[in-house]
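First the structure, in the form of structure tokens, and then the observations on it.
The values are calculated or read from the model by the stated rules, or taken from the named source; none is laboratory data. Predicted model, so just to flag it, every value in this text is computed and none were measured. Positions of Cβ are generated from backbone atoms using ideal geometry, with glycine treated the same way; all protein chains shown enter the neighbour counts.
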Amino acid sequence: MYARQTYFLVILMMYGVFMFLALVHSARRGDIAPSVLIIWLASPVLLAAVRLSLEREFDAKLISPKTQAWSFLFGDTISLPIVAGALALGWRSMPIASRWYSPIWTIVSAALGICAGLAFHLMAVGETRAANAALSINAPTKLAHDFVAYPVIFGGLACIGVPVVACAISQGLWPWHLILAIAGVLSWVGLVVHDVQGLDPKELHPQWSTSQFRVIPYDK
């Protein structure tokens, strides 16, 4: 059964790499709609597909503001896609001479995204243990969010965002698309702060057995 878990992780990794490169490519071309779409494909669409295909359960609590993380419910679906679209517009608006692209920066950005996902995953370990939901850390949706959504979103937005900010600083300008991107980031931070006040891990992800590759019901 561990083989099935390994295959799942490999597929996640390949999907994440593809989404990251697609986001960077689309934004650098100034393609707004594809950049927004990729954020959705990397997070809410992916998590919905994993939830329905592997965890095979759906509860209204999953999309309820009372139980779901606002940083996911509103951040991944509204705030961060706005940031991606605004940064893509920033690339379209930049003078060609001001555009720069470095393969090394792309790799560094991807590494930063992976570190962000790993940090959130490690922080959740203690939270799930405290809630007697330790095995939920292995849930496919949890792995998809921490090791695909976070690296793609944070790594991708860092990769395309830093050149836009650098161009604005060099020109001494604050174009509206950059202000919109910053507002989107700040709104996401505000949603994260809201979530810190308390979420029940049992409402977010099911317990998952990596050896049996299936959901383990919570004790009543």
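Is it the case that the stretch 148-156 has a residue that's of a type in the set (Ser, Thr, Tyr) and closer than 22 Å to Ser93 by Cα? Step through it out loud before you land on a result.
Keep residues of the stretch 148-156 that are of a type in the set (Ser, Thr, Tyr), which gives 150.
Imposing the further condition that a residue be closer than 22 Å to Ser93 by Cα reduces the set to none.
No, the stretch 148-156 has no match at all.
Evaluation of Val215 against the conditions (1) surrounded by 15 or more Cβ atoms within 10 Å (Cβ to Cβ); (2) assigned to a helix (DSSP H, G or I) shows that the sole unmet condition is (2).
Considering only residues that are among the hydroxyl-bearing types (Ser, Thr, Tyr) and not in a helix (DSSP H, G or I), which ones fall in the stretch 66-115? Quick ask: steps written out before the conclusion?
To start, the set of residues in the stretch 66-115 that are among the hydroxyl-bearing types (Ser, Thr, Tyr) comprises 67, 71, 77, 79, 93, 98, 101-102, 106, 109.
Hits for the stretch 66-115 are Thr67, Tyr101, Ser102.
Cβ-Cβ distance below 8 Å, separation of 6 or more or different chains: which pairs start in the stretch 203-218 with a residue that is on the phi > 0 side of the Ramachandran plot and end on one that is surrounded by 15 or more Cβ atoms within 10 Å (Cβ to Cβ)? Pairs found: Phe213/Gln5; Phe213/Phe8.
May I ask you to verify whether Thr128 is polar (S, T, N, Q), more than 20 Å from Ala48 (Cβ to Cβ) and either buried (at least 21 other Cβ atoms within 10 Å of the Cβ) or modelled with pLDDT of 90 or more (or both)? Yes, satisfied. Going by the conditions given, is Gly30 touching a helix residue (DSSP H, G or I) at 6+ places or on another chain (Cβ under 9 Å), part of a helix (DSSP H, G or I), of a type outside the set (S, T, N, Q) and in contact (Cβ under 8 Å) with a residue 12 or more places away in the chain? Here the answer is no, as Gly30 does not meet what is asked. The condition of being out of contact with any Cys (no Cβ under 7 Å at 6 or more places or on another chain) and either of a type in the set (S, T, N, Q) or surrounded by fewer than 17 Cβ atoms within 10 Å (Cβ to Cβ) (or both) holds for only one of Val152, Val162, that being Val162. Would a scan of the stretch 155-169 turn up a residue that is assigned to a strand (DSSP E or B), without any contact (Cβ under 8 Å) to a residue 24 or more places away in the chain and over 21 Å from Ile63 (Cα atoms)? Checked the stretch 155-169: no residue is assigned to a strand (DSSP E or B), without any contact (Cβ under 8 Å) to a residue 24 or more places away in the chain and over 21 Å from Ile63 (Cα atoms). Looking only at residues of the stretch 33-73 that are over 18 Å from the mean Cα position of the chain (by Cα) and aliphatic (A, V, I, L, M), we find that the one that is modelled with the lowest pLDDT is Ala60.
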